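Undergrad: Here you go, one structure.
The values are calculated or read from the model by the stated rules, or taken from the named source; none is laboratory data. Nothing here was measured: the structure is a model prediction, and the numbers come from that model. Glycine gets a Cβ as well: all are built from the backbone with ideal geometry, and neighbour counts include every protein chain shown.
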Amino acid sequence: MRRFLSLTLMCLLLLGITVTAQAQTDNENSTNDDAAALELLEALDVESYAAKGEAITAILQSDDERARDWLQALLDGRLQRTDDGRFVLVLENRGRDWPVADVLTGEALGEMSRRELDRIGINNNLRNQLRSAIAVVDLYSPSVERRLTSAERLLGEVDADLVPTLNDLIEQEEDDQVRYRLTQAVAIYRAEEGEMAGVEALDGSLHPRSRVALSRAANSDDPVVANAAAASLAGIEQQLKINRGLETLYFGLSLGSVLVLAAIGLAITFGVMGVINMAHGELIMLGAYTTWAMQQLLPGQPGLALVLSIPAGFMVSALAGIAIERGVIQFLKGRPLETLLATFGVSLILQQLVRTVISPQNRTVITPEWMSGSLVVNDALSLTLNRMFVLGFALVVFAGLMLIMRRTRLGLEVRAVTQNRAMARSMGIRATRVDIMTFALGSGVAGLAGVALSQLTNVGPNLGQNYIIDSFMVVVFGGVGNLWGTLVAGLSLGVINQVLEPWAGAVLAKIIVLVFIILFIQKRPRGLFPQKGRAAEG
Amino acid sequence: MSLTTQSSANFWLTRPFSERSTQIFLVVLLATLALVTLLHVAVPAGNPLHIGAYTVNLFGKYLSYALLAVAVDLVWGYLGILSLGHGAFFAIGGYAMGMYLMRQIGDRGTYGDPVLPDFMVFLSWDSLPWFWHGFDMAWFAFAMVLLAPGLLALVFGFLAFRSRVTGVYLSIITQALTFALMLAFFRNEMGFGGNNGLTDFREILGFDLRTDATRLGLFLATGIALALGFILCRAIVTSKLGRVSVATRDAEARTRFLGYRVERFQLFVFVVSAMLAGLAGALYVPQVGIINPSEFSPIFSIEIVLWVALGGRATLYGAVIGAILVNYAKTIFTGVMPDAWLFALGGLFVFVTVFLPKGVAGLLEHLKRRRHDPTPTPDKEATA
C-alpha cells in the first residue's frame with residue numbers, strides 16, 4: 001500500500017518535473033518566484049505528514065530550479081526554520097553553532113546557534129518518497145554524469161508507472177551511455193514482469209540486477225519466456241566466468257609486475273654479477289621513501305612529485321648501492337656466503353636508520369588523480385588504473401634494462417667481466433669500474449621499484465623486507481643471469497598466486513607457491529631458463 | 001689432531017677429546033655449571049655474589065642458543081652448507097616441547113577443559129587434531145623433539161642434496177623454507193595456536209615450572225645437553241665421516257670423483273644438526289615460557305649464523321662463544337638503548353665478515369701462535 005502511494009506520488013512529481021525542465025529557460029520574474037517559493041516552503045512546515053507529502057509534490061510540480069537542493073536538504077534534515085520564520089539551509093550541522101545560508105537567495109548568513117533553529121521533520125515514508133523523487137529529478141539534469149549516476153541507480157527499481165516517462169526520456173537522451181542504462185532499466189522491469197522483449201533486451205548484459213531479473217523470468221509461467229531467459233542466463237554465466245578469469249589474470253599480472261620490478265634489479269646484481277645483496281629490499285624502500293620525500297617537498301603537486309621521483313629514486317638507491325659496493329662488497333669478492341651476511345647487516349642498519357631518522361610508522365604517499373580510479377570495461381570487469389600504470393612501468397623498466405645489457409658498451413663490458421674477469425681485464429676493461437656501474441644500475445632499478453610500490457602499498461621501514469625473499473625466489477626460479485627468465489618467472493608467479501588465492505586463501509597461496517619453488521629448484525637447480533655455454537661456467 | 005687409522009673402542013672414546021681446545025671448553029663449561037649452581041644455592045640472597053633465579057634462567061637461555069649455534073656450525077663450518085633456516089628446526093623442536101607442556105596444563109587452563117588447550121576451546125574446536133595425540137606422554141613428546149625436525153631435514157635434505165643444490169641456492173631455499181613455515185604457523189587453522197603460539201605452561205615432568213629449583217634444573221639440563229651435543233659433534237668431525245664432510249666443503253666435485261657419495265654424508269650431517277637444533281628449541285621453550293611463530297622468522301635464522309661467524313666457523317667452541325657474546329650484548333642493548341640494537345647487530349654483521357673472517361676463535365688462535373712464536377707475524381696475516 002505504501003509503495004503504491006509513493007508511486008502515484010512520484011508519477012505526479014514526474015509530470016511536474018517535465019514541466020519544470022521545459023520551463024527552466026524562461027526565468028524572468030525572480031521576485032514573484034521567491035514569493036511563490038516561500039509559499040511552497042511554508043506548506044512544508046505543518047504538523048501532518050500527509051500534508052507534508054502534498055507539499056513535497058507541490059514543490060516538485062513547481063517550476064523552480066532550486067527544488068532539488070531543497071528536497072536534498074529536507075532529506076538530510078538540513079532544511080530548517082529560524083525563530084523569526086525564515087527558511088535556511090544548514091551547511092554543516094556539527095558542533096554548537098552551525099553555518100547557515102538563506103534558502104531562497106543562497107546567501108550565507110553566518111553561524112547560528114542550534115537553539116534558534118527548528119528542523120522540518122520527516123518520517124520514513126517521506127524519506128522514501130524523497131529519495132525516489134531525487135533519483136528521477138536528476139535524470140533531467142544538464143550534467144551527463146549526474147544523469148548517468150541517476151540512471152544506474154534506477155536499475156531494478158523501475159515500476160509500471162515509471163516506464164512511460166523513461167521511454168520518453170530514452171527518446172530524448174543524447175548520451176549513449178545514459179540511454180543504454182535507461183533502456184536496461186526498463187528491460188529489467190520488463191523481464192521481471194515476464195515479458196519476452198525484456199528478456200531479449202537483457203541478453204548478454206552483465207549487470208547483477210539483470211541477472212536477478214532474468215532468473216526471475218526463468219521461473220515465469222510462459223515456457224517460451226522461461227526458456228529464453230534460462231538460455232541467456234547460461235550465456236551470461238559463461239561471460240561472467242570469462243570476466244572473472246580476466247580479472248584474476250589482471251590481478252595476477254599486476255602482482256607479477258610488482259615481483260618483476262622488485263626482482264629485476266636483483267637479477268642484475270645477483271644474476272649477472274653473482275653478488276648476493278640482502279639489502280636489495282632496503283634499496284627498494286629507499287626509492288619509496290624518496291617518493292614520499294618528493295611529495296613533501298612539492299606539496300599540492302603529487303603527480304609532478306611522482307614523476308620527478310622516478311629519476312630521484314633511481315639516483316638515491318644507485319648512490320646507496322655504490323656506497324654498499326665500495327664499503328662492503330668489494331672486500332668480499334668470491335665469498336658469496338660472507339657477502340650475504342654482510343649485506344644483511346647493511347639491511348638492518350638501513351631499516352633502523354629510517355626508523356630513527358624518519359619514523360617507525362608508515363608514511364602515506366598520495367596517488368595523483370590521473371592514476372586513481374579505474375577503467376570500466378563492462379559491468380563485471382573494471383581495471384584499477386594505478387595497477388595498470390605499475391604494470392606498464394615494469395615493462396618499460398624491463399625493456400630499458402634489456403637495451404642497456406644488450407645494446408650499450410656497459411652491457412657488453414658487464415657480460416665480458418662476468419664471463420671471464422681476467423680475460424676482460426687484459427683486454428683493457430676496467431673491471432672495478434664495471435662492478436661499480438653494474439651494482440649502481442641494479443640498485444637504481446630497485447629504487448624505481450620502490451617508486452612504483454609506493455603507489456600500491458604502505459611505505460614503511462619493513463617495506464623492503466617483505467619483498468626480499470620473493471625477489472630471490474623470482475630470480476632463482478627464472479634462472480640466474482637471465483633477465484627474460486626473471487620477467488617470465490615474476491609474471492607467472494604473480495598469476496599462480498592469484499589463481500590459488502580464491503580457494504586457498506592469501507597466506508596458504510603464498511605458502512603453496514614457496515613450496516612449489518622449493519620443489520622446483522630441486523628438480524631444476526638452474527631455474528626455468530638455465531644459462532648455457534660460457535656464461536654458465538662462471 | 002692425530003690421523004692414524006687405529007680403530008679400537010678406546011680410541012673411539014678418546015678421539016673426540018683429543019684436541020686441547022675441546023678439553024678446555026668442556027672443563028670451562030662444567031666449571032661454569034658448578035659455579036652457577038653453587039652461587040645460586042649456597043650463597044645467601046643478600047650477598048653480592050649470589051646469582052638470582054632470573055640470571056640462572058637467562059644463562060639457561062644462552063646455553064640453549066649455544067647448542068643451536070653448535071648445530072649450525074656443524075653444517076656451515078664442516079659441511080660448507082650455509083643454512084638460513086635452522087631457526088625452523090629449533091622452532092619445531094620447541095613446538096614439540098610446547099605441545100607436551102600444553103597437555104600438561106590439563107584442566108588448569110582458563111577454560112578448564114581437561115583435554116583441549118585453551119586456544120582450541122577459544123576457537124571452539126571440539127576435538128584434538130590428530131597430530132596432538134600422544135603429546136601428553138613425555139617419552140613420545142621428547143622423541144618428537146628429535147624426530148620431527150630430523151624428519152623435515154631428512155626430506156628437505158634428500159631432495160636438495162640429491163639434485164646437488166648447493167651454495168647460495170641452498171641458503172636461499174632454506175630461507176624460503178623457514179619463511180613458508182612461519183606463514184603457516186601464523187595461521188590459526190594449523191592448530192598450533194596461531195599468532196600467540198603456545199604459552200601459559202605449568203609444569204614439566206611433574207615439576208612446577210615457576211619454582212627456582214626447576215629453573216636451576218633446566219639450566220643444568222641445558223648445560224649437560226650442550227656438553228653432550230658438543231662431544232657428539234666432535235666425534236662426528238674427528239671421524240672419517242667428518243673428514244669427508246670437510247673434503248666436500250672444500251672441493252665437492254673432487255670428493256665425488258674420489259668415489260664418495262657426497263649427498264649421503266651431507267644428508268647425515270644435516271639431519272644430525274637439525275636434531276640438535278630441535279633439542280636446543282625444546283630446552284629453550286620451558287625456560288622462556290612461550291613458543292610462537294616468530295622463532296621461524298628468517299631474521300632469527302640469519303642471526304644464528306652471525307653468532308657462529310662471530311665466534312669463528314669450524315671450531316664448535318667458537319659457536320658457543322659467539323652465541324653467548326651476541327645474546328649477552330642483545331640483553332644489555334635492548335635494556336639500555338633498544339633503538340641502537342639493530343645498528344649494533346647490523347654493524348656486527350659487516351664488521352665480522354669484513355674484518356674478522358675467522359671470528360673470535362681465530363683471534364685467540366692468532367694470539368696463541370704469537371705467544372709460542374716470538375717473531376712477530378706480519379699484519380697481513382691477521383686478516384687473511
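Undergrad: In region A:152-187, what residues are surrounded by 19 or more Cβ atoms within 10 Å (Cβ to Cβ) and within 16 Å of A:Pro208 (Cβ to Cβ)?
TA: A:Leu154, A:Leu155, A:Val158, A:Arg181, A:Gln184, A:Ala185, A:Ala187
Undergrad: For the structure I just gave you, tell me whether A:Leu308 is assigned by TED's automatic domain parsing to the domain that holds A:Leu456, surrounded by fewer than 21 Cβ atoms within 10 Å (Cβ to Cβ) and either closer than 24 Å to A:Asn458 by Cα or hydroxyl-bearing (Ser, Thr, Tyr) (or both).
TA: Numbers: assigned by TED's automatic domain parsing to the domain that holds A:Leu456: yes; surrounded by fewer than 21 Cβ atoms within 10 Å (Cβ to Cβ): yes; either closer than 24 Å to A:Asn458 by Cα or hydroxyl-bearing (Ser, Thr, Tyr) (or both): yes.
Judged against the criteria, A:Leu308 is a match.
Undergrad: What tally of residues in region B:317-329 results from selecting those that are away from chain A (no Cβ under 14 Å), surrounded by 15 or more Cβ atoms within 10 Å (Cβ to Cβ) and touching a residue at least 60 places away in the same chain (Cβ under 8 Å)?
TA: 7
Undergrad: A follow-up question, please. So how many residues does region B:330-368 have that are more than 14 Å from chain A (Cβ to nearest Cβ), in contact with a helix residue (DSSP H, G or I) (Cβ under 8 Å, 6 or more places away or on another chain), closer than 30 Å to A:Pro360 by Cβ and among the hydrophobic types (A, V, I, L, M, F, W, C)? Full working, then the answer.
TA: If we filter region B:330-368 for residues that are more than 14 Å from chain A (Cβ to nearest Cβ), which is where we start, we get B:331-332, B:335-336, B:360-361, B:363-368.
Okay, now just the ones that are also in contact with a helix residue (DSSP H, G or I) (Cβ under 8 Å, 6 or more places away or on another chain), so B:331, B:360-361, B:366.
Filter again for closer than 30 Å to A:Pro360 by Cβ, leaving B:331.
When the remaining residues are screened for being among the hydrophobic types (A, V, I, L, M, F, W, C), the result is none.
Counting residues in region B:330-368 that are more than 14 Å from chain A (Cβ to nearest Cβ), in contact with a helix residue (DSSP H, G or I) (Cβ under 8 Å, 6 or more places away or on another chain), closer than 30 Å to A:Pro360 by Cβ and among the hydrophobic types (A, V, I, L, M, F, W, C) gives 0.
Undergrad: Among what's in region A:343-399 and is farther than 30 Å from A:Leu148 by Cα and hydroxyl-bearing (Ser, Thr, Tyr), pick the residue that is farthest from the other protein chains (Cβ to nearest Cβ).
TA: The selected residue is A:Thr364.
Here is a yes/no grid of residues against (1) modelled with pLDDT of 85 or more; (2) outside the structural domain of A:Gln465 (by TED's automatic domain parsing); (3) part of a helix (DSSP H, G or I); (4) surrounded by fewer than 16 Cβ atoms within 10 Å (Cβ to Cβ):
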| position | (1), (2), (3), (4) |
| --- | --- |
| A:Arg211 | no, yes, yes, no |
| A:Ala226 | no, yes, yes, no |
| A:Lys241 | yes, yes, yes, yes |
| A:Leu253 | yes, no, yes, no |
| A:Gly256 | yes, no, yes, no |
| A:Ile264 | yes, no, yes, no |
| A:Ala267 | yes, no, yes, no |
| A:Gly271 | no, no, yes, no |
| A:Met285 | yes, no, yes, no |
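Undergrad: Further question: Out of B:Ala143, B:Ala91, report the one residue that is within 27 Å of B:Ile224 (Cα to Cα) and in contact (Cβ under 8 Å) with a residue 40 or more places away in the chain.
TA: Working: B:Ala143 fails: in contact (Cβ under 8 Å) with a residue 40 or more places away in the chain.
When all the criteria are applied, what remains is B:Ala91.
Undergrad: Additional query: Scan (1) under 30 Å from A:Val475 (Cβ atoms); (2) touching a residue at least 12 places away in the same chain (Cβ under 8 Å) for the single condition B:Leu159 breaks and write down its number.
TA: (2)
Undergrad: Restricting to region A:94-114, what's the tally of residues that are part of a strand (DSSP E or B) and surrounded by fewer than 12 Cβ atoms within 10 Å (Cβ to Cβ)?
TA: Number of matching residues: 2.
Undergrad: Quick one: which helices (runs of 4 or more DSSP H) sit completely within region A:419-538 and have at least 1 residues that are surrounded by fewer than 21 Cβ atoms within 10 Å (Cβ to Cβ) and within 14 Å of chain B (Cβ to nearest Cβ)? Walk me through how you get there before you give the answer.
TA: Details: elements: A:421-426, A:431-453, A:465-478, A:483-504, A:506-523, A:534-537.
In region A:419-538, A:465-478, A:483-504, A:506-523, A:534-537 are the helices (runs of 4 or more DSSP H) which contain 1 or more residues that are surrounded by fewer than 21 Cβ atoms within 10 Å (Cβ to Cβ) and within 14 Å of chain B (Cβ to nearest Cβ).
Undergrad: Of all helices (runs of 4 or more DSSP H) completely enclosed by region B:85-177, which ones contain at least 2 residues that are of a type in the set (A, V, I, L, M) and surrounded by 19 or more Cβ atoms within 10 Å (Cβ to Cβ)?
TA: It comes to B:86-105, B:138-162.
Undergrad: Taking the criterion of being at pLDDT 70 or above and surrounded by fewer than 19 Cβ atoms within 10 Å (Cβ to Cβ), would at least one residue in region A:3-19 satisfy it?
TA: Looking only at region A:3-19, we keep the residues that are at pLDDT 70 or above, and these are none.
Taking every residue of region A:3-19 in turn, none turns out to be at pLDDT 70 or above and surrounded by fewer than 19 Cβ atoms within 10 Å (Cβ to Cβ).
Undergrad: Now a separate question. Of all the residues that make up region B:189-216, how many are within 14 Å of chain A (Cβ to nearest Cβ) and over 25 Å from B:Phe156 (Cβ atoms)?
TA: Count: 1.
Conditions (1) in contact (Cβ under 8 Å) with a residue 12 or more places away in the chain; (2) loosely packed, with under 14 Cβ neighbours inside 10 Å; (3) in contact with a helix residue (DSSP H, G or I) (Cβ under 9 Å, 6 or more places away or on another chain), marked per residue:
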| position | (1), (2), (3) |
| --- | --- |
| A:Arg78 | yes, no, yes |
| A:Glu116 | yes, no, no |
| A:Pro142 | no, yes, no |
| A:Leu148 | yes, no, yes |
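Undergrad: Can you confirm whether A:Val376 is closer than 30 Å to A:Ile236 by Cα and β-branched (Val, Ile, Thr)?
TA: On the way: closer than 30 Å to A:Ile236 by Cα: yes; β-branched (Val, Ile, Thr): yes.
Answer is yes for this residue.
Undergrad: Do we have any residue at all in region A:419-438 that's over 24 Å from B:Ser297 (Cβ atoms) and within 23 Å of the chain's Cα centre (by Cα)? If you could, list the steps in order and put the result at the bottom.
TA: Here is the first cut: in region A:419-438, the ones over 24 Å from B:Ser297 (Cβ atoms) are A:419-438.
Next, only the ones that are within 23 Å of the chain's Cα centre (by Cα) stay: none.
No; the residues of region A:419-438 include none that is over 24 Å from B:Ser297 (Cβ atoms) and within 23 Å of the chain's Cα centre (by Cα).
Undergrad: Could you identify the single residue in B:Glu295, B:Glu303 that is of a type in the set (D, E, K, R), assigned to a helix (DSSP H, G or I) and under 29 Å from B:Glu203 (Cα atoms)? Can you show your working first?
TA: Working: B:Glu303 fails: under 29 Å from B:Glu203 (Cα atoms).
After ruling out the rest, the residue left standing is B:Glu295.
Undergrad: To continue, here is another question. What's the number of the condition B:Arg249 fails, among (1) away from chain A (no Cβ under 14 Å); (2) in contact (Cβ under 8 Å) with a residue 40 or more places away in the chain; (3) more than 17 Å from the chain's Cα centre (by Cα)?
TA: (1)
Undergrad: Additional query: Any residue at all in region A:322-337 that's part of a helix (DSSP H, G or I) and polar (S, T, N, Q)?
TA: Yes: one or more hits.
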